[in-house]
Amino acid sequence: MVEMLVATSIITVSVLFASAVAQKSLYVSRQAVHSAQAAFLLEEGAEAVRTLRADAWSNISTLSENTDYYPVFAGGTWTLAASPAMVGIFTRVVRIAPVLRDDSSKNIAASGTEDPDSKLVTVEVSWIEGGTTLTKTLQFYLMNIFSQPS
């Protein structure tokens with residue numbers, strides 16, 4: 001009788017352990033899929049901003065700095081909307097910030113003169129996973145490469 005009780009206990013603990021491992025692996029797998037999707041959405045957001053810049057620099061230069069914008073693809077073109085737009089479980093935000101250049105070297109610097117032909121773009125994708133908000137961020141500089149030199 002004791003042997004049956006020990007064997008049943010071992011089998012029960014083994015099944016519970018295997019169940020816990022399977023549940024954790026499903027969670028980690030789902031998290032990896034969401035992380036990969038977020039990376040694709042980051043890149044797509046960056047390409048949307050580059051496309052807007054290619055259409056006209058004023059699409060970027062007239063945006064309010066440090067304001068949340070949401071990329072929306074509609075009618076075959078990208079726009080940056082002021083109201084939140086979800087992509088599945090993800091929220092994608094674009095922020096535009098000024099770029100300062102050193103007065104003597106003209107390099108990007110923490111202080112100096114604002115460059116009207118350069119912007120710092122931040123694309124951020126966030127989603128809720130297991131009660132926690134996860135975020136991925138991509139920053140890059142965008143220049144008015146289509147301007148004519150004066």
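Values quoted throughout were computed directly from the atomic coordinates according to the rules given, and no laboratory measurement underlies them. Keep in mind the model is a prediction, meaning the values are calculated, not measured. Please note: Cβ atoms are built from the backbone with ideal geometry, for glycine as well, and neighbour counts cover all protein chains shown.
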**Request:** Could you calculate the FRET efficiency of I89 with T113 from 1/(1 + (r/R0)^6), where r is the beta carbon distance between them and R0 is 41 Å, rounded to 0.05?
**Result:** 0.45
**Request:** Would you mind getting me the FRET efficiency between D102 and E47? Use the beta-carbon distance for r and R0 = 30 Å, nearest 0.05.
**Result:** 0.50
**Prompt:** Could you state the principal axis extents of the C-alpha atoms in region 2-143, from the largest down, to the nearest angstrom?
**Reply:** 85, 41, 20
**Asked** Which residues in region 86-115 place their backbone N less than 13 Å from a point set 7 Å from the Cα of S61 along the Cα-to-Cβ direction?
**Response** 115
**Item:** Gained length - Q31 relative to V6, 0.36 nm times residue gap less alpha-carbon distance
**Value:** 5.3 nm
**the chain: angle of helix 2-55 to the longest principal axis, Cα-based, in degrees nearest 10** = 10
**Prompt:** Roughly how big is the chain's charge dipole about its Cα centre, with Cβ charges of +1 (Lys, Arg) and -1 (Asp, Glu), in debye to the nearest 20?
**Reply:** 260
**Request:** Return the whole-Å distance between the Cα centroid of region 1-27 and the Cα centroid of region 58-122.
**Result:** 54
**Fill in**
Dividing the mean separation of Cα pairs under 8 Å (6+ apart) by the residue count of region 2-143 yields a relative contact order in percent of 18
**Message:** Run the reach check for K136 against lysines, Cα to Cα strictly under 27 Å, same-chain hits fewer than 8 apart removed. What comes back?
**Reply:** K24, K119
